[in-house]
Amino acid sequence: NDNMIALADANTGLYLSLEQSSQVIGGLSTQFSDFNGLSEEAQRSTAELSGRFLNMGMSAEVSAKALDALRRGLKFNQTTAEATLASFEDLSMQLGRSVSQVTQDFNDLAPALARFGVDGPRVFRDLAQQARSLGLTTRQAFDFTEMFDTFESSADVAGKLNAQLGLQLNSVELMAASSEDRLKILRAEFNMQGTNFKDMSRRQKQMIAEIMGTDVDAAARLFGDPMEMRKFQREQAKDQKRMESFIAITQRWQSSMQQFFINME
């Protein structure tokens, strides 16, 4: 209750109503397992970050799950976890996607990213950028890289692609490469053959899609021409100015009136 009122009464430019503040505190309390054990200062810092993203259309539950994954799965301390979550806003602007979708993508991959430890967010960012340039989802890009994560599966997929397309993929090299580099190696070898996916026959396209465990559309995106990232990038506005653009006049008025009555009480 104290946290909720403090968040609604904070002079941070968030303009959160009591109802929105209760959503933030409720989401953090139920989805972020460490929240109730944090210091008062850490709780309020975390609530302000979640409130900021709430104004941008991301539910408190989504930000809370991301923080829980960063703390529990990737073993970050609270300060680093908050900074990492905050960095998703810049990533969303680079990708031209909402910060809510970017964070949901991270939450989806978080259990698998946990094995990378503190390097997990970097792997996620690199995969997200590659996926966006290819028109794939981050999950699709990650699943493609996972096909080369064991010796058996890497040898199987590389061998089939070599046989069908005349490539020179090295299964051991692919297995040893980082997740984000595997797509680069795969595409580079494909491009070296001077083959254009869209010019292949229908049967060839189906065969490649089958080897990659996907449909023809995703295979075409994987091996097709990348899109220029600047098509998606948004103008980098200052943090406060950017957040204020999401806050409606009615929300400002409601919040100000509630702050007045909180102070009176």
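The values are calculated or read from the model by the stated rules, or taken from the named source; none is laboratory data. Quick caveat: nothing in here was measured; it's all calculated off a predicted structure. Please note: Cβ atoms are built from the backbone with ideal geometry, for glycine as well, and neighbour counts cover all protein chains shown. What goes into the accessible areas is simple: the full protein's heavy atoms, side chains included, and nothing from ligands, DNA or RNA. Shrake-Rupley method; radii C 1.70, N 1.55, O 1.52, S 1.80 Å.
Which condition breaks for PHE148 when tested against (1) in a helix (DSSP H, G or I); (2) open to solvent by less than 30 Å² (accessible area, probe 1.4 Å)?
The number of the failed condition is (1).
Would you be able to say whether some residue in the stretch 101-109 is under 17 Å from the mean Cα position of the chain (by Cα), closer than 23 Å to ASP143 by Cα and acidic (Asp, Glu)?
Of the residues in the stretch 101-109, the ones under 17 Å from the mean Cα position of the chain (by Cα) are 101-109.
In the following step, the residues that additionally are closer than 23 Å to ASP143 by Cα were identified as 101-109.
Filter again for acidic (Asp, Glu), leaving 105, 108.
Looking for residues that are under 17 Å from the mean Cα position of the chain (by Cα), closer than 23 Å to ASP143 by Cα and acidic (Asp, Glu), one finds at least one in the stretch 101-109, hence yes.
Filter the stretch 209-218 for residues that are of a type outside the set (Asp, Glu) and either touching a Phe, Trp or Tyr at 6+ places or on another chain (Cβ under 7 Å) or over 21 Å from ASP149 (Cα atoms) (or both) and give the result.
Those that are of a type outside the set (Asp, Glu) and either touching a Phe, Trp or Tyr at 6+ places or on another chain (Cβ under 7 Å) or over 21 Å from ASP149 (Cα atoms) (or both): MET212, VAL216.
I'd like the residue in the stretch 161-184 that is within 23 Å of ASP217 (Cα to Cα) and outside any helix (DSSP H, G or I) and, out of all such residues, is nearest to the chain's Cα centre (by Cα).
The qualifying residue nearest to the chain's Cα centre (by Cα) is LEU169.
Among what's in the stretch 98-120 and is at pLDDT 95 or above and among the β-branched types (Val, Ile, Thr), pick the residue that is surrounded by the fewest Cβ atoms within 10 Å (Cβ to Cβ).
THR103
Pick out the one residue from ALA158, ALA110, ALA64 that is among the small types (Gly, Ala, Ser), closer than 16 Å to GLU180 by Cα and either in a helix (DSSP H, G or I) or touching a helix residue (DSSP H, G or I) at 6+ places or on another chain (Cβ under 8 Å) (or both).
Every option except ALA110 fails the conditions.
Residues in the stretch 121-132: is at least one part of a helix (DSSP H, G or I), in contact with a Gly (Cβ under 6 Å, 6 or more places away or on another chain) and open to solvent by 20 Å² or more (accessible area, probe 1.4 Å)?
Within the stretch 121-132, none of the residues are part of a helix (DSSP H, G or I), in contact with a Gly (Cβ under 6 Å, 6 or more places away or on another chain) and open to solvent by 20 Å² or more (accessible area, probe 1.4 Å).
For the stretch 172-189, what are the residues that are in contact (Cβ under 8 Å) with a residue 24 or more places away in the chain and either of a type outside the set (A, V, I, L, M) or open to solvent by 10 Å² or more (accessible area, probe 1.4 Å) (or both)?
Scanning the stretch 172-189 gives MET175, ALA177, SER178, SER179, GLU180, ARG182, LYS184, ARG187.
For the stretch 74-97, give me each residue that is open to solvent by 30 Å² or more (accessible area, probe 1.4 Å) and not acidic (Asp, Glu).
Scanning the stretch 74-97 gives LYS75, ASN77, THR79, THR80, ALA83, ALA86, SER87, GLN94, ARG97.
When you go through (1) in contact with a Ser or Thr (Cβ under 7 Å, 6 or more places away or on another chain); (2) closer than 30 Å to LYS75 by Cα one by one for PRO111, which number turns out not to apply?
(1)
Any idea which residue in the stretch 1-59 is surrounded by the fewest Cβ atoms within 10 Å (Cβ to Cβ), counting only those that are part of a helix (DSSP H, G or I) and modelled with pLDDT under 75? Step through it out loud before you land on a result.
Here is the first cut: in the stretch 1-59, the residues part of a helix (DSSP H, G or I) are 2-9, 18-31, 35-37, 40-55.
Restricting the remaining residues to those that are modelled with pLDDT under 75 gives 2-9.
On the way: ASP2: 10, ASN3: 20, MET4: 19, ILE5: 16, ALA6: 17, LEU7: 24, ALA8: 23, ASP9: 17.
Step by step, filter the stretch 1-59, then rank; the result is ASP2.
May I ask you to verify whether LYS198 is of a type in the set (D, E, K, R), open to solvent by less than 60 Å² (accessible area, probe 1.4 Å), farther than 28 Å from PHE116 by Cβ and part of a helix (DSSP H, G or I)?
Criteria not met by LYS198.
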